[in-house]
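Quick one: structure below, then a few questions.
Since every read-out is calculated from the coordinates, none of them should be taken as a lab result. As the structure is a computational prediction, the values presented were derived from the model and not from experiment. For neighbour counting, all protein chains shown are included, and Cβ atoms are generated from backbone atoms with ideal geometry for every residue, glycine included.
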Amino acid sequence: MNQRFFQIASTLAGAAIIGTAVAVIPATGDTLHRPIKTGAQTTCNSSKPCVGGTNKGAGPGVQGVNQYFGNGIFGVASNNDGVNGTTYNPSSKQKSRSGVYGVDLSTDGGAGNAGVSGNTTNGTGVLANSVNGIGMAAYSSNGEAIIGYSSASNGGDMQGAYIGAIARSAQYPFLATDANANDLFYLDGAGNVYYHGGLYQFARTKRNQEVTEYGSKQTTPTIEHVGSARLVNGMARVAFDAAFADAIDDREGYHVFVTPNGDTRGLYVTAKSPEGFVVRETQQGRGTLDFDYRVVATPLGHAAEHSHVVDASFAQPHAPAVKHRPAR
């Protein structure tokens, strides 16, 4: 089992570990940090590792140290993984471990290092896969957990069989900015959506063409109901749908706009209540005709809300500065 710790620094199928500034040797209790002879190389032709180390204590099976600018451990493979790590740690019983684990212990305050880094010309820089668990998990105490950057393609691409992406936050679950970190669209923790720019919608015509449509704008939040009714002998009673009646704020009242579909002396609205309203013909008319109506009310829970001037900081909540780690 301990020999598999060594395989973090070598390949499973004949990969060679090459020590340049410092050679890699099996680690024992008294040789973990002892200077060793440089320039040593081991060559073999076997399905097993060329160099092996077994440690029955708590230390590593193999350790590589470089005190200048070279790599501590360097793995190369022609047809397999350059470095392969495996762990059999029972994580359900003790602390979680990793097949490969990287740590950045620099103390100069710079942000250019990485605990684990991957680089490729045409393939995938870092690939994560899981059968039943999480493919990739990232955690950060003070900074961004994940930053995706591409100079010529997409910064991120996520796909799921049920949900493509889930965002969670008590303040702003989702925030979209331009290239200069100016907020364009954000969703706050209460589910309210704020955005700069216009709201456009594509709609298909009878001729199978696409046209653009625009969203209306109001200075107060509204909920609307439209319909048609029939005036009989100068009077009609219109009852609200139960769902609409429950969704409006009774304290704010509502507006009713009536359009007659025939000759009349005129129509007016009376007897408005939370359940509906009455339409009558003016001058005590006794006409019978159809009419259309439009009801505009205040949604429940939004009484006394009106458009107002906001501070600039409200339009730009907490957009982080655009940053990415330069390519190695």
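Pairs of alpha-carbon atoms within less than 8 angstrom and 6+ residues apart define the contacts here; what relative contact order does segment 223-297 have, in percent?
51
Also: Restrict the search to segment 247-291; then list the GluC sites (Glu not before Pro) that DSSP places in a loop and that have at most 11 other Cβ atoms within 10 Å of their Cβ. The partial results should precede the final answer.
Numbers: sites: GLU252, GLU275, GLU281; in loops: GLU275.
Of the GluC sites (Glu not before Pro), the ones in loops of segment 247-291 whose Cβ has at most 11 other Cβ atoms within 10 Å are GLU275.
Continuing with the same structure: Report the per residue volume, in Å³, of the convex hull enclosing the C-alpha atoms of segment 43-111.
192
Could you let me know the centre-to-centre spacing of segment 172-188 and segment 204-270, using Cα atoms, in angstrom?
Segment 172-188 and segment 204-270 have Cα centres spaced 35 Å from each other.
Here's another thing I want to ask about it. Bin width 5 Å, alpha-carbon pairs only: give the P(r) of segment 166-245 as whole percents, running from 0 to the bin holding the largest distance.
3, 9, 11, 12, 14, 15, 13, 9, 6, 4, 3, 2, 0, 0
So if we plug the beta-carbon distance of GLN218 and ALA247 into 1/(1 + (r/R0)^6) with R0 = 22 Å, what FRET efficiency do we get, rounded to 0.05?
The formula returns an efficiency of 0.85 here.
Right, something else. Largest first and in whole Å, what are the equivalent-ellipsoid semi-axes of segment 223-297 based on the Cα gyration tensor, each being the root of 5 times an eigenvalue?
Details: eigenvalues 106, 25, 19 Å².
Over the Cα atoms of segment 223-297, the semi-axes work out to 23, 11, 10 Å.
Related question: For segment 152-194, what log10 I(q)/I(0) values come out of the Debye formula at q = 0.25, 0.26, 0.28 1/Å, with one point per alpha carbon and no solvent?
-1.01, -1.02, -1.04
Now for a separate question. How big is D, in µm² s⁻¹, for segment 95-160 by Stokes-Einstein at 37 °C and 0.692 mPa s if Rh is the Kirkwood radius over C-alpha pairs?
This corresponds to a translational diffusion coefficient of 224 µm²/s.
Then there's this: Relative to the compact globular guide of 2.2 N^0.38 Å, what is the alpha carbon radius of gyration of segment 139-273, as a ratio?
Ratio of Cα Rg to 2.2 N^0.38 Å: 1.69.
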